[in-house]
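The values are calculated or read from the model by the stated rules, or taken from the named source; none is laboratory data. Everything numeric here is computed off the predicted structure, so don't read it as measured data. Reconstructed Cβ throughout: ideal geometry from the backbone, glycine too, with neighbour counts over all protein chains shown.
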Amino acid sequence: MAEAKREIHWRPWGEEAFALSRKLGRPVLLDIGATWCHWCHVMEETTYSDDEVIRLVEEFYVPIKVDRDRNPEIDRRYQSLVGSVTGEGGWPLTAILTPEGDLITGGTYFPAKDGGGRPGLRRVLRDTANQWRTRSKTGGLDTYRLGTGEPKVPLSSDGEAQRKFLGSVSDSIETNFDELHGGFGLAPKFPHPFSVSLAFALEHSQHNERLGRIAWETLKHMADGGVHDQLGGGFHRYSVDAAWHIPHFEKLAIDQAFLLRNFLELHAVSHDEEALLVVRGIVGFCREVLSDSHPGLASSQDADRFPGDDGSYFTWTRRELAEHLTREELRVVQHRFGIDTDGTMPHDPDQNVLYRLFSNKEIAEAMGLSEEEVGRLLGSALQKMRGLRASRKVPAVDVTRYASVNGYLAGALALAGRVLGDTELVQAAEAAVGLFISPKIAQRGVPHEVSRDGDPRGWGILEDQASIAWGLLDLAEVTGKKSLLDSAHSLLEFISTKFTDSSGLLSDIAPDVFDGHIPSSAGQQRFPLEDTPLLSPNAAVALAWERFADLSGETGATDRAWKLFTAAIPHLEGTGFFASSMALAAHLHTIEPVKVTIVGDRARSQELLRSALETFHPRKVVLDGRAFDGMTLPPESEASLSQDSADAFAIICIGNRCLSPERDPVRLSESIRTAGRGAKDGKGPTLPG
């Protein structure tokens, strides 16, 4: 009988594993990864399958494996600690810890043996074990633990510091913009959705046309790139090159949430139909891949199909295309998607990532065809290619329902469903958020995840509360249900009560609600303030308070946002565009909210509703009908409505003043677009004193 293959017996994160570490007198080998992480798979298949690595771990360490999606609070702490000591971060994260949780050494990906300019894990494990054995009892071993950081004094309320902060972030967006390819910085290149949102907002308020161009070109290049799944819709995690051509192929639900909002913004700014096609593609991916018969949304799709794979599900060879497409279809596909040009995989140039190289018009000119014929050939080719891809083994989907994903993504899908006129999408979004809401929200908030059987797990994590609050607010606007607005308010009050530190900042965990394990050395509160580049939870709550104020009319809620970002800004000095979401919260505070209420005959009001939805304003809510129980209209509007029950009109309220009823969709759009907009001298509005 064949000998069983040796493998590392990983232990789950928790006090039990650290107790074993203390009892045995061994350090901990901590591996933090994710189900969707390509290099985590590579390290598992190579480094952690190496016989010598396995022997060293078994003999000298207590191994612990953490899924960063399941334990974001652990990942956040050790990413910060390893990054500050070694300058490395990301996944997989590899850390060797003392039994108390202090860091001895760490990094990201390690091969088994030295190579490629990186030390092998064999050597790291051997050297650290020797140091532990010879120095741990004498105090000669250097270790590191997370500090609390110096408290910073909240800003005064004169607005000058906020203006400087906003200026520094917008300057960073302009300075780091890639003029050639869009986006920010060089390779590897990640989406920065809130830098885009802030650029759109500042273009509107301050007539900063350069920032508007930055936002538009970034989204256009991303939509054309291989980072955008041209066949299946949705976006991959990031691009390994500056031009967005070659992605890391995992697809995260959280990325879809924020990019969906960006492309809805782009459509409202420009009425670009290509933006709406991207929106439909993201929605299609969420329906086809992230949804199943259970309520809620899955968290991710893997990049790989099998060991050693690197995104082959998403790539194509010219030979494969030639075998299944007609000659003319192949020519169109080659022109459209740049086959055998810049989208070839570095390790296998025969494999092509699809990216949009030429438009249909350009293809028509090159091939001597009409645009209609190019469209027909492209459509038939894409239909065949989708059928071929459907026959491939599909990369695994992590179907876990996480609150931190479902709130943000369900809210974005509800907004998209409203623009697309898709009521089923809105209903599915409401069910996804409802999965995490219980009558005990005031005592425990929302759980980190909900099982397929409906059982909740994990309490007291800030980003979960922020995400579901966003989803509730989006759904309250779309559906007009006051119960959803009330739940959002309860959740925001819970956050303020349980997560607020004496500094005014929000901690990533609520000490008296959190039910996980954090070693004492890593147990200090962490205050997630920067975009990573995903949304900062502190900024998310500030933005949620402002949104709640706009929907409910409770202007006191804006004071909660003010206190939060004035406490946060001193900690964000020098972070540049990684503070875009907090800068957006500060900027929106300077803008009077615009509330548009569509009332009257349902059939006649649809054109007004579409006009309102498809007009950009950075601080706008659109209510369809007499939304929210107890809402009253201005007296002149009530009188106008009572005169003709078949009438339809829009009420525009800017701050605390309302305009006369508007019945013309074009004038409605213009009134929304110009509401509160600064003069075209670039100065824009000013912060309150």
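Things worth noting here:
- Neighbours by Cβ (under 6 Å, 6+ apart or cross-chain): first from segment 305-321, more than 25 Å from Asp398 (Cα to Cα); second assigned to a strand (DSSP E or B) and of a type in the set (D, E, K, R): Thr317/Asp350
- Only listed residue being more than 24 Å from the chain's Cα centre (by Cα), assigned to a helix (DSSP H, G or I) and in contact (Cβ under 8 Å) with a residue 60 or more places away in the chain, chosen from Leu425, Leu413, Leu388, Leu485: Leu388
- Residue in segment 432-449 that is in a helix (DSSP H, G or I), in contact with an Asp or Glu (Cβ under 8 Å, 6 or more places away or on another chain) and either modelled with pLDDT of 95 or more or not aliphatic (A, V, I, L, M) (or both) present: no
- Scanning segment 45-70 for residues that are touching a Leu at 6+ places or on another chain (Cβ under 6 Å) and part of a strand (DSSP E or B) returns Val62, Pro63, Ile64.
- Of residues in segment 631-676 being of a type in the set (Gly, Ala, Ser) and out of contact with any helix residue (DSSP H, G or I) (no Cβ under 8 Å at 6 or more places or on another chain), the one modelled with the highest pLDDT: Ser671
- Boolean, Leu506 is among the hydrophobic types (A, V, I, L, M, F, W, C) and within 19 Å of the chain's Cα centre (by Cα): no
- Flag for Gln334 being at pLDDT 95 or above, in contact with a strand residue (DSSP E or B) (Cβ under 8 Å, 6 or more places away or on another chain) and either of a type outside the set (Gly, Ala, Ser) or crowded, with 16+ Cβ neighbours inside 10 Å (or both): no
- In segment 17-38, residue nearest to Val124 (Cα to Cα) [restricted to those that are among the small types (Gly, Ala, Ser) and assigned to a loop (DSSP other than H, G, I, E, B)]: Gly25
- If the condition is being crowded, with 20+ Cβ neighbours inside 10 Å, assigned to a helix (DSSP H, G or I) and aliphatic (A, V, I, L, M), then segment 71-99 contributes Ile74, Leu81, Val82.
- Output for segment 308-332, where each listed residue is aliphatic (A, V, I, L, M) and either within 15 Å of Leu388 (Cα to Cα) or under 27 Å from the mean Cα position of the chain (by Cα) (or both): Leu321, Ala322, Leu325, Leu330
- Any hit, segment 396-405, residues being in a helix (DSSP H, G or I) and hydrophobic (A, V, I, L, M, F, W, C): yes
- Subset of segment 23-49 that is farther than 17 Å from Ala95 by Cα and charged (D, E, K, R) - its residue that is surrounded by the fewest Cβ atoms within 10 Å (Cβ to Cβ): Lys23
- Every pair of residues 6+ apart whose Cβ atoms lie under 6 Å, when the first sits in segment 460-476 and is under 19 Å from Asp512 (Cβ atoms) while the second is small (Gly, Ala, Ser) and not in a helix (DSSP H, G or I): Gly460/Ala510; Gln465/Gly445
Residue by residue, here is whether (1) of a type in the set (Gly, Ala, Ser); (2) more than 18 Å from the chain's Cα centre (by Cα); (3) assigned to a strand (DSSP E or B); (4) assigned by TED's automatic domain parsing to the domain that holds Lys620 holds:
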site	(1), (2), (3), (4)
His204	no, yes, no, no
Ile214	no, yes, no, no
Ala223	yes, no, no, no
Gly226	yes, yes, no, no
Gly232	yes, yes, no, no
Trp244	no, no, no, no
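- Residues being under 18 Å from Ala257 (Cβ atoms) and either of a type in the set (Lys, Arg) or surrounded by 15 or more Cβ atoms within 10 Å (Cβ to Cβ) (or both) - total across segment 271-285: 9
- Selection status of Ala579, modelled with pLDDT of 95 or more, buried (at least 23 other Cβ atoms within 10 Å of the Cβ) and within 16 Å of Phe194 (Cβ to Cβ): yes
- Hits in segment 555-566 - residues which are in contact (Cβ under 8 Å) with a residue 60 or more places away in the chain and either charged (D, E, K, R) or crowded, with 24+ Cβ neighbours inside 10 Å (or both): Arg560, Lys563, Leu564, Phe565
- Any hit, segment 593-603, residues being part of a loop (DSSP other than H, G, I, E, B), within 20 Å of Ser170 (Cα to Cα) and of a type outside the set (S, T, N, Q): no
- Top-ranked residue of segment 177-209 - restricted to ones that are among the acidic types (Asp, Glu) and buried (at least 19 other Cβ atoms within 10 Å of the Cβ), ranked as farthest from Arg237 (Cα to Cα): Glu203
- Restricting attention to segment 429-459, the residues that are under 16 Å from Leu297 (Cβ atoms), without any contact (Cβ under 8 Å) to a residue 60 or more places away in the chain and exposed (fewer than 14 other Cβ atoms within 10 Å of the Cβ) add up to 2.
- Comparison of Phe548, Phe499, Phe514 shows that the only residue that is surrounded by 23 or more Cβ atoms within 10 Å (Cβ to Cβ) and closer than 28 Å to Val82 by Cα is Phe499.
- Wholly within segment 491-591, helices (runs of 4 or more DSSP H) carrying at least 3 residues that are in contact with a strand residue (DSSP E or B) (Cβ under 8 Å, 6 or more places away or on another chain): 537-552
- Qualifying residue in segment 108-130 (condition: touching a strand residue (DSSP E or B) at 6+ places or on another chain (Cβ under 6 Å) and either without any contact (Cβ under 8 Å) to a residue 60 or more places away in the chain or at positive phi (or both)): no
- Some residue of segment 509-527 being touching a residue at least 12 places away in the same chain (Cβ under 8 Å), closer than 21 Å to Ser205 by Cα and not assigned by TED's automatic domain parsing to the domain that holds Gln79: no
- For segment 305-314, the condition of being closer than 24 Å to Phe263 by Cβ, crowded, with 17+ Cβ neighbours inside 10 Å and among the small types (Gly, Ala, Ser) holds for at least one residue.
- Here Leu413 meets each of (1) out of contact with any Ser or Thr (no Cβ under 6 Å at 6 or more places or on another chain); (2) surrounded by fewer than 24 Cβ atoms within 10 Å (Cβ to Cβ); (3) among the hydrophobic types (A, V, I, L, M, F, W, C); (4) under 30 Å from Ala585 (Cβ atoms) with one exception, condition (2).
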